[in-house]
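Trainee: First, the structure itself, so that you have it in front of you.
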Amino acid sequence: MTVTRSLGDWLRHIEGQHPHAVDMGLDRVRAVAARMRLARPAAHVVTVAGSNGKGSTVAFIEAIARASGLRVGAYTSPHLLAYNERVRIDGADADDAALVRAFDAVETARGDTTLTYFEYGTLAALWLFERAGLDLAVLEVGLGGRLDAVNIVDPDVAVVTTVDLDHQDWLGADREAIGREKVGIARAWKPLVLGEDDPPSSVLGHAYAIGASAIRGGSDFRFGLHDDASPGWWWREPGFELALPMPRLAAPTQLRNAATAIAALRALDVDIDDDAWARGVAAADIPGRLQRFERGGVTVLVDVGHNPQAARALGDWLRTQAGQGGRTHAVYGALADKDAAGVVDALASQVDAWYLAGLADAGPRSGDADALAARLVGTAAAAGARHGDVAAALSAAVAQAAPGDRVLAFGSFHVAAAALAWLAGTGSEAHAGGGV
C-alpha cells in the first residue's frame, strides 16, 4: 500500500536529511536538478540577493509585473506562519497538494544525494514554476548568492539590494567579502541592478570582470520625494520618468526597495503597461515589515529586521514618529549568531524600554533571554526585562504601555512569526504596514 505524506510529514522529513542546516555549494543541487530534468522556470527570471530588502523588492517586482498582466512566480524565504508562503504562483501561495507533489519529485530524483531543507525547497519551487506557464519567475536568494541553491538558475537580471554585515561565519568578515558572495548571482553581459548608491568595490569589480552591465542606484536611476511636498514620489532614468504613489509599505527605506524593483523590470526585456508601475507600487504588500496593529490604544509593530543595517532603518522610521508623542517599547529576540549588540546600539536612542525574549524553536541557533542579556552587556538593553518567549514579552510590553505608546516586536523571523500568532490570538486590529 502506498503511503502519501502530508506537507507536515514532508517538512519533518527534509529537515532530517542533511547533517547540517547550511551546506553551501551547487554541485549536489545541480546534480539533482539535472536528474529532475528541470528546464527554465519561466520565460524571464530575476534573482534578488542582498543583506536587507530582498523580500520587499521581490514583492514590488511581483506586484508591478502582475499589474501589467504577467503571470508571475515568486520564491522567497523564510516563511512566517506557513511554508506555503515561500512559493507563490500568480499571487497565490502554493497549496499543500502541489508542494507534496513537488517534494515527491525531488525525493525520487535525489537518490543517495543529501540535500538541505533549503535545497529541497528550491528544487520543489523550480519544479512547480516550470509547470505553471510563467512569464516571470522572481527568485530570492537564501544566503549569500554565489553558492546559494537559487544560483543554479541563470537570471536575465540580477539584483543586489544592499550589502551589510550579516552571516559573517558563512560569507566573510567585511562588506567587501560579503559583496563578493552576493554578486555571484550576476551573469556575464546581463544587467546587474544595485540598490545601494555606494556598493562595495568587490561588487563593481566583479561586474566589470564578467561584463555585467551595472545599473546603480543614485546614478543610473534616481528617485525621491517631490520638492514641493506634493503627494507621492518620482523615479527616473535617462529618457524615462515616473510619478508614483507612496507604497503601502511606507517606511522610508521602502522607496529604495521600490525604486530598485522598478530598475530591475526596466532592465528586463518585458513590456510593462504605463499604469502598472503606479498600481503595483501601491498594491505591494508583505507581512512582518513594520506591520501595524492596534491593541487597546497601543500601536504594535512587527518587523523581521535582524541585523544592524535593518535596525538603523527601523531607527530612521522611529525618528519620524517622534512628533506623535508616546513611548517606544521594544520586544527583542535574536538568534545566537546575530550581532545583537550592534542591533541594540543602532536603536538605543529611539527606545524607552526593552523586553528581551527567549527563542526556543530556532534549532541550534536558539537561546533564552538570559543568554541574550549576557551578549548585550554594556548596551541599553542589557537591563531589560527578561521573558521566556515572545508571547510573554509582548504581553508584558503591551501591559506596561499607555494609550499612544508603540510596541515594536523585532529581531528575527521567529520573533515576527510568534508576534503575529500572539496578535491573532488577542484579536488585535491590523492596519496597513509601514514596511522596512
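A short reminder: the numbers here are calculations on the coordinates, not readings from a lab. Quantities reported herein were computed from a predicted structural model and do not represent experimental measurements. Cβ sites come from the backbone with ideal geometry, for glycine too, and all protein chains shown count toward neighbours.
Trainee: If amide H atoms are built 1.01 Å from N in the plane of the peptide, which residues on other chains or at least 5 residues away come under 5 Å of the amide H of Leu408?
Mentor: Leu301, His329, Ala330, Val331
Trainee: Something else about it: Using the charge dipole of the chain (Lys, Arg: +1 at Cβ; Asp, Glu: -1 at Cβ; taken about the Cα centre), state which of Ala357, Thr320, Leu143 has its Cα farthest towards the positive end.
Mentor: Positive-most Cα among the choices belongs to Leu143.
Trainee: What residues qualify as long-range amide H neighbours of Arg295, i.e. H under 5 Å apart, gap of 5 or more or another chain, H built at 1.01 Å from N?
Mentor: Counting only residues 5 or more places away or on other chains, the set is Val300.
Trainee: Among bridges DSSP assigns within region 62-183, what percent are antiparallel (round to 5)?
Mentor: Details: 5 of 9 bridges.
Around 55 percent antiparallel, to the nearest 5.
Trainee: How big is the dipole moment of region 291-431 about its Cα centre under a simple scheme where the beta carbon of each Lys and Arg is +1, that of each Asp and Glu is -1, and everything else is neutral? Debye, nearest 20, please. Working shown, then result.
Mentor: Working: 10 positive and 13 negative charges, 36 e Å.
Taking the Cα centre of region 291-431 as origin, the dipole is about 180 debye.
Trainee: Pop the C-beta distance of Ala382 and Asp104 into the FRET formula with R0 = 41 Å and round what comes out to the nearest 0.05.
Mentor: Values: r = 49 Å, r/R0 = 1.20.
About 0.25, to the nearest 0.05.
Trainee: Oh, and also: Share of antiparallel DSSP beta bridges in region 291-431, in percent to the nearest 5?
Mentor: Working: 9 of 25 bridges.
Looking only at bridges with both residues in region 291-431, the antiparallel portion is about 35 percent.
Trainee: If I model a spin label at Gln400 and Ala336 as a point 7 Å from the Cα along the Cα→Cβ vector, what separation in nanometres do I get?
Mentor: 2.7
Trainee: Apply the Debye scattering formula to region 99-151, with a single equal point scatterer on each alpha-carbon and no solvent, then give log10 I(q)/I(0) at q = 0.27 Å⁻¹.
Mentor: Listed by q, the Debye log ratios stand at -1.13.
Trainee: Still on this structure: Compute the length gained on full extension between Ala209 and Ala278: take 0.36 nm times their separation in residues and subtract their Cα-Cα distance, giving the result in nm to one decimal.
Mentor: Details: separation 69, 0.36 × 69 = 24.84 nm, distance 3.58 nm.
Between Ala209 and Ala278, full extension yields an extra 21.3 nm.
Trainee: List the lysines whose Cα lies under 22 Å from the Cα of Lys190, skipping any in the same chain that are fewer than 8 positions away.
Mentor: List returned: Lys54, Lys182.
Trainee: Hey, what do the phi angles of region 68-81 turn into as Karplus ³J(HN,Hα) couplings, whole Hz, using 6.51/-1.76/1.60 and θ = phi - 60°, x for Gly and Pro?
Mentor: Couplings: 8, x, 7, 8, 10, x, 10, 10, 9, 6, x, 9, 9, 10 Hz.
Trainee: While we're looking at this one, here's another question. With bins 10 Å wide starting at 0, give me the P(r) of region 353-429 over every alpha carbon pair, in whole percents.
Mentor: Percent of pairs per bin, in order: 19, 52, 25, 4.
Trainee: How fast does the chain diffuse by Stokes-Einstein, in µm²/s, taking the Kirkwood radius from C-alpha pairs at 20 °C and 1.002 mPa s? Don't jump to the answer; show the numbers that get you there.
Mentor: Working: Rh = 22.3 Å.
Rounded to a whole number, D works out at 96 µm²/s.
Trainee: Once the principal axes of the Cα atoms of region 295-371 are found, what is the range along each, listed largest first in whole angstroms?
Mentor: Largest first, region 295-371 extends 41, 29, 19 Å along its Cα principal axes.
Trainee: Per 0.36 nm of contour for each residue apart, how much would the distance between Asp269 and Arg222 grow if the chain were fully extended, relative to their Cα-Cα spacing? Numbers along the way, then the final one.
Mentor: Details: separation 47, 0.36 × 47 = 16.92 nm, distance 2.04 nm.
Result for the pair: 14.9 nm of gain on full extension.
Trainee: Restricting to DSSP loop positions (anything but H, G, I, E, B) with no more than 10 other Cβ atoms inside 10 Å of their own Cβ, which trypsin sites (Lys or Arg not before Pro) remain in region 5-107? Can you show the working numbers first?
Mentor: Values: sites: Arg5, Arg12, Arg28, Arg30, Arg35, Arg37, Lys54, Arg66, Arg71, Arg86, Arg88, Arg101; in loops: Arg5, Arg37, Arg71.
For trypsin sites (Lys or Arg not before Pro) across region 5-107 that sit outside H, G, I, E and B with at most 10 neighbouring Cβ atoms in 10 Å, the list reads Arg37.
Trainee: Shifting gears a bit: Based on Cβ point charges of +1 for Lys and Arg and -1 for Asp and Glu, what charge dipole magnitude is obtained for the chain about its Cα centre, in debye rounded to the nearest 20?
Mentor: Numbers: 39 positive and 53 negative charges, 45 e Å.
Computed about the Cα centre, the dipole is about 220 debye.
Trainee: Can you give me the Cα centroid spacing of region 79-140 and region 231-245 in angstrom?
Mentor: Taking the Cα centre of each part, region 79-140 and region 231-245 sit 35 Å apart.
Trainee: Further question: Length gain on complete extension for the stretch Asp154 to Arg319, per 0.36 nm per residue less the alpha carbon to alpha carbon distance? Let's see the in-between values first.
Mentor: Values: separation 165, 0.36 × 165 = 59.40 nm, distance 4.09 nm.
Gain on stretching Asp154 to Arg319: 55.3 nm.
Trainee: Let me know the Rg and Dmax you get for region 291-431 when you use only its Cα atoms, in Å.
Mentor: Reported Rg and Dmax, both Å: 13.5, 42.
Trainee: Using Cα-only point scatterers and the Debye equation, what is log10 of I(q)/I(0) for region 232-346 at each q in 0.13, 0.14, 0.20, 0.21 Å⁻¹, rounded to two decimals?
Mentor: -0.65, -0.73, -1.14, -1.20
Trainee: Can you list residues whose amide H is under 5 Å from Phe221's amide H, if they're 5+ apart or on another chain and H is modeled 1.01 Å from N?
Mentor: Here Arg216 satisfy the definition.
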